Amino acid sequence: MNLRSYFIVYLVCLHLVFAVVIGYLVRDQRLWFIAVESFCFLSFFAALFLFRSFYRPLRLLVSGADFLRESDFSTHLTMTDRPEMDKLISVYNTMIDSLRDERLKLQEQHYLLHRIIDASPSGIIIFDFDGKSTHVNPAAARLLDIRQDVLHGKKLNELKLTLSKELEVLPVGQSVILTLPSRRRVQCR
(Lines give C-alpha, C1' and ligand atoms only; values in the text may rest on other atoms or scores of the structure.)
Protein backbone atom coordinates (compact mmCIF):
# COMPACT_ATOMS: atom_id res chain seq x y z
CA MET A 1 0.00 0.00 0.00
CA ASN A 2 1.17 3.50 -0.73
CA LEU A 3 0.80 6.75 1.22
CA ARG A 4 -2.43 7.65 -0.55
CA SER A 5 -4.09 4.34 0.36
CA TYR A 6 -3.00 4.62 4.01
CA PHE A 7 -4.40 8.12 4.27
CA ILE A 8 -7.75 7.18 2.71
CA VAL A 9 -8.08 4.17 5.05
CA TYR A 10 -7.23 6.47 7.98
CA LEU A 11 -9.87 9.00 6.90
CA VAL A 12 -12.52 6.31 6.49
CA CYS A 13 -11.80 4.75 9.91
CA LEU A 14 -11.63 8.12 11.68
CA HIS A 15 -14.90 9.38 10.20
CA LEU A 16 -16.67 6.06 10.80
CA VAL A 17 -15.66 6.14 14.47
CA PHE A 18 -16.82 9.76 14.81
CA ALA A 19 -20.08 9.02 12.98
CA VAL A 20 -20.86 6.01 15.21
CA VAL A 21 -19.93 7.76 18.48
CA ILE A 22 -21.79 10.95 17.63
CA GLY A 23 -24.73 8.96 16.27
CA TYR A 24 -24.90 7.04 19.52
CA LEU A 25 -24.76 10.24 21.61
CA VAL A 26 -27.48 12.10 19.72
CA ARG A 27 -29.63 9.19 18.53
CA ASP A 28 -32.70 10.47 20.40
CA GLN A 29 -32.51 13.92 18.78
CA ARG A 30 -33.30 13.34 15.14
CA LEU A 31 -32.45 16.85 13.88
CA TRP A 32 -29.04 16.91 15.62
CA PHE A 33 -28.35 13.38 14.42
CA ILE A 34 -28.93 14.38 10.77
CA ALA A 35 -26.89 17.59 11.16
CA VAL A 36 -23.91 15.87 12.82
CA GLU A 37 -23.90 12.93 10.40
CA SER A 38 -24.10 15.37 7.46
CA PHE A 39 -21.17 17.28 8.94
CA CYS A 40 -19.14 14.02 9.21
CA PHE A 41 -20.01 13.18 5.62
CA LEU A 42 -18.95 16.66 4.40
CA SER A 43 -15.82 16.54 6.56
CA PHE A 44 -14.79 13.26 4.96
CA PHE A 45 -15.09 14.65 1.43
CA ALA A 46 -13.39 17.91 2.39
CA ALA A 47 -10.46 15.91 3.83
CA LEU A 48 -10.29 13.85 0.63
CA PHE A 49 -10.30 17.03 -1.47
CA LEU A 50 -7.51 18.57 0.62
CA PHE A 51 -5.48 15.38 0.49
CA ARG A 52 -5.80 15.23 -3.30
CA SER A 53 -4.68 18.88 -3.43
CA PHE A 54 -1.56 18.00 -1.42
CA TYR A 55 -0.94 14.67 -3.10
CA ARG A 56 -1.12 15.94 -6.68
CA PRO A 57 2.02 18.15 -6.35
CA LEU A 58 3.83 15.20 -4.79
CA ARG A 59 2.94 13.06 -7.81
CA LEU A 60 4.22 15.82 -10.11
CA LEU A 61 7.52 15.94 -8.24
CA VAL A 62 7.84 12.16 -8.35
CA SER A 63 7.21 12.12 -12.10
CA GLY A 64 9.80 14.90 -12.51
CA ALA A 65 12.32 12.82 -10.53
CA ASP A 66 11.52 9.82 -12.76
CA PHE A 67 12.21 11.93 -15.86
CA LEU A 68 15.56 12.98 -14.38
CA ARG A 69 16.43 9.38 -13.44
CA GLU A 70 15.73 8.32 -17.04
CA SER A 71 17.78 11.29 -18.35
CA ASP A 72 14.72 12.62 -20.17
CA PHE A 73 15.51 16.31 -20.45
CA SER A 74 12.81 17.06 -23.04
CA THR A 75 9.74 16.77 -20.82
CA HIS A 76 8.33 19.84 -19.11
CA LEU A 77 5.79 19.83 -16.31
CA THR A 78 2.63 21.90 -16.89
CA MET A 79 1.58 24.69 -14.57
CA THR A 80 -1.22 23.92 -12.08
CA ASP A 81 -2.65 27.37 -11.25
CA ARG A 82 -1.45 26.95 -7.67
CA PRO A 83 1.23 29.55 -6.89
CA GLU A 84 3.36 27.41 -4.56
CA MET A 85 3.32 24.46 -6.97
CA ASP A 86 3.89 26.64 -10.02
CA LYS A 87 7.09 27.97 -8.40
CA LEU A 88 8.43 24.41 -8.06
CA ILE A 89 7.37 23.54 -11.60
CA SER A 90 9.02 26.69 -12.94
CA VAL A 91 12.29 25.84 -11.16
CA TYR A 92 12.09 22.24 -12.44
CA ASN A 93 11.44 23.35 -16.04
CA THR A 94 14.30 25.87 -15.88
CA MET A 95 16.62 23.20 -14.48
CA ILE A 96 15.59 20.74 -17.23
CA ASP A 97 16.26 23.37 -19.90
CA SER A 98 19.69 24.09 -18.40
CA LEU A 99 20.56 20.38 -18.18
CA ARG A 100 19.44 19.79 -21.77
CA ASP A 101 21.47 22.78 -23.04
CA GLU A 102 24.53 21.66 -21.05
CA ARG A 103 24.22 18.10 -22.33
CA LEU A 104 23.89 19.35 -25.91
CA LYS A 105 26.94 21.59 -25.47
CA LEU A 106 28.97 18.68 -24.06
CA GLN A 107 27.91 16.40 -26.91
CA GLU A 108 28.93 19.05 -29.46
CA GLN A 109 32.31 19.51 -27.74
CA HIS A 110 32.79 15.75 -27.53
CA TYR A 111 31.98 15.36 -31.23
CA LEU A 112 34.34 18.21 -32.21
CA LEU A 113 37.15 16.83 -30.04
CA HIS A 114 36.83 13.37 -31.60
CA ARG A 115 36.79 14.88 -35.10
CA ILE A 116 40.01 16.78 -34.32
CA ILE A 117 41.63 13.69 -32.77
CA ASP A 118 40.65 11.55 -35.78
CA ALA A 119 42.14 14.13 -38.18
CA SER A 120 45.40 14.40 -36.21
CA PRO A 121 48.51 12.88 -37.80
CA SER A 122 49.68 11.90 -34.30
CA GLY A 123 48.60 8.54 -32.98
CA ILE A 124 46.22 9.05 -30.05
CA ILE A 125 44.65 6.47 -27.76
CA ILE A 126 42.40 7.78 -25.00
CA PHE A 127 41.93 5.68 -21.86
CA ASP A 128 39.23 6.00 -19.18
CA PHE A 129 39.91 5.93 -15.44
CA ASP A 130 39.69 2.12 -15.46
CA GLY A 131 42.51 1.99 -17.99
CA LYS A 132 40.32 0.87 -20.91
CA SER A 133 40.72 2.54 -24.28
CA THR A 134 37.72 4.69 -25.16
CA HIS A 135 38.92 6.20 -28.44
CA VAL A 136 41.61 5.27 -30.94
CA ASN A 137 42.34 7.54 -33.86
CA PRO A 138 43.29 6.17 -37.30
CA ALA A 139 46.91 7.35 -36.97
CA ALA A 140 47.40 5.26 -33.80
CA ALA A 141 45.92 2.21 -35.51
CA ARG A 142 48.30 2.68 -38.47
CA LEU A 143 51.33 3.19 -36.20
CA LEU A 144 50.56 0.04 -34.23
CA ASP A 145 49.50 -1.84 -37.38
CA ILE A 146 46.22 -2.96 -35.84
CA ARG A 147 42.51 -2.27 -36.49
CA GLN A 148 40.81 0.46 -34.41
CA ASP A 149 37.96 -1.79 -33.28
CA VAL A 150 40.46 -4.31 -31.86
CA LEU A 151 41.92 -1.61 -29.60
CA HIS A 152 38.60 -0.18 -28.42
CA GLY A 153 37.55 -1.05 -24.85
CA LYS A 154 40.75 -2.89 -23.98
CA LYS A 155 43.35 -2.25 -21.32
CA LEU A 156 46.99 -1.86 -22.31
CA ASN A 157 47.98 -5.28 -20.97
CA GLU A 158 45.17 -6.87 -23.05
CA LEU A 159 46.38 -5.31 -26.32
CA LYS A 160 49.36 -7.68 -26.75
CA LEU A 161 51.48 -4.90 -28.25
CA THR A 162 55.23 -4.70 -27.93
CA LEU A 163 54.82 -1.24 -26.39
CA SER A 164 52.20 -2.31 -23.83
CA LYS A 165 54.61 -2.99 -20.97
CA GLU A 166 56.56 0.24 -21.50
CA LEU A 167 53.39 2.33 -21.75
CA GLU A 168 51.83 0.72 -18.68
CA VAL A 169 54.64 1.89 -16.41
CA LEU A 170 54.89 5.35 -18.00
CA PRO A 171 53.95 7.94 -15.33
CA VAL A 172 51.19 10.40 -16.15
CA GLY A 173 52.54 13.62 -17.65
CA GLN A 174 55.93 12.16 -18.63
CA SER A 175 57.03 11.12 -22.09
CA VAL A 176 59.39 8.52 -23.46
CA ILE A 177 60.70 7.68 -26.92
CA LEU A 178 60.09 4.04 -27.88
CA THR A 179 61.01 2.03 -30.94
CA LEU A 180 58.31 0.14 -32.84
CA PRO A 181 59.02 -3.29 -34.36
CA SER A 182 59.29 -1.50 -37.75
CA ARG A 183 62.28 0.42 -36.30
CA ARG A 184 60.25 3.59 -36.30
CA ARG A 185 60.75 5.72 -33.20
CA VAL A 186 57.71 7.27 -31.50
CA GLN A 187 57.31 9.62 -28.58
CA CYS A 188 54.74 8.37 -26.10
CA ARG A 189 53.09 10.44 -23.40
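The values are calculated or read from the model by the stated rules, or taken from the named source; none is laboratory data. All values derive from a computational prediction rather than experimental measurement. Reconstructed Cβ throughout: ideal geometry from the backbone, glycine too, with neighbour counts over all protein chains shown. With ligands, DNA and RNA removed, areas are computed over all heavy atoms of the protein, side chains included. Shrake-Rupley method; radii C 1.70, N 1.55, O 1.52, S 1.80 Å.
For His135, what residues show an amide H to amide H distance below 5 Å, using hydrogens built from the backbone and excluding near sequence neighbours?
Those lying under 5 Å, H to H, from His135 are Ile126.
Relative to a virtual label point 7 Å from the Cα of Leu104 in the Cα→beta-carbon direction, which members of the range 62-88 show backbone nitrogen distances below 16 Å?
So the set is 72-76.
Under a 1.4 Å probe, what is the accessible area of the chain per residue, stated in Å²?
Working: 14320 Å² over 189 residues.
Per residue, the chain has an accessible area of 76 Å².
Let me know the number of lysine pairs in the range 75-189 closer than 22 Å at the Cα, not counting same-chain pairs under 8 apart.
On the way: Lys132/Lys154; Lys132/Lys155; Lys132/Lys160; Lys132/Lys165; Lys154/Lys165; Lys155/Lys165.
Going through the range 75-189 pair by pair, I get 6.
Not counting ligands, DNA or RNA, and with a 1.4 Å probe, what is Met85's accessible surface area in Å² rounded to the nearest 10?
Met85 has an accessible surface of roughly 10 Å² with all protein chains in place.
Roughly how big is the range 127-189's charge dipole about its Cα centre, with Cβ charges of +1 (Lys, Arg) and -1 (Asp, Glu), in debye to the nearest 20?
Details: 11 positive and 7 negative charges, 59 e Å.
Roughly 280 debye for the range 127-189.
Would you mind giving the average projected area, over all directions, of the Cα convex hull of the chain in nm² with one decimal? Each step should come with its number before you reach the end.
Details: hull surface 73.2 nm².
So the mean shadow area of the Cα hull is 18.3 nm².
Quick check: pseudo-label points 7 Å beyond the Cα along Cα→Cβ at Val20 and Leu113, how many nm apart are they?
6.8
Relative to the present Cα-Cα distance, how much length would full extension add between Thr134 and Glu84 at 0.36 nm per residue of separation? Before the final figure, lay out the partial values.
Details: separation 50, 0.36 × 50 = 18.00 nm, distance 4.61 nm.
Full extension of this stretch gives 13.4 nm more.
Which order do peptides 61-69, 148-156 fall in by mean Cβ count within 10 Å, highest first? Kindly include the intermediate steps, with their values, before the conclusion.
On the way: 61-69: 13.2, 148-156: 15.2.
So the order, starting with the most tightly packed, is 148-156, 61-69.
What is the gain in length, in nm to one decimal, between Val172 and His152 on full extension, counting 0.36 nm per residue of separation less the C-alpha to C-alpha distance? Can you show the working numbers first?
On the way: separation 20, 0.36 × 20 = 7.20 nm, distance 2.05 nm.
Roughly 5.1 nm would be gained on extension.
As a check on your grasp of the helix formula, calculate [θ] at 222 nm for the chain: sum -39500 (n - 2.57) over DSSP H runs of n ≥ 4, divide by the residue count, round to the nearest 500.
On the way: 6 runs with 116 residues, N = 189.
It comes out at -21000 deg cm²/dmol, rounded to the nearest 500.
Tyr92 accessible area, nearest 10 Å², 1.4 Å probe?
20
Work out the length of the dipole vector of the chain about its Cα centre, built from +1 on the beta-carbon of each Lys and Arg and -1 on the beta-carbon of each Asp and Glu, and round it to the nearest 20 debye.
Details: 24 positive and 20 negative charges, 125 e Å.
That gives a dipole near 600 debye.
Return one number: the angle in degrees, 0 to 90 and rounded to the nearest 10, between the long axis of the Cα atoms of helix 30-69 and the longest principal axis of the Cα atoms of the chain.
0
Report the gain in length on full extension from Ser120 to Leu68: 0.36 nm times residue separation, minus Cα-Cα distance, nm rounded to one decimal.
Working: separation 52, 0.36 × 52 = 18.72 nm, distance 3.70 nm.
Value of the extension gain: 15.0 nm.
How far is helix 83-119 tilted, in degrees, relative to the longest principal axis of the Cα atoms in the chain, given as a value from 0 to 90 rounded to the nearest 10?
Roughly 10 degrees between the two axes.
Which residue, chosen from Ser98, Val176, Ser74, occupies the Cα position most advanced towards the positive end of the dipole of the range 46-189, where the dipole is computed from +1 (Lys, Arg) and -1 (Asp, Glu) charges on Cβ about the Cα centre?
Positive-end residue among those listed: Val176.
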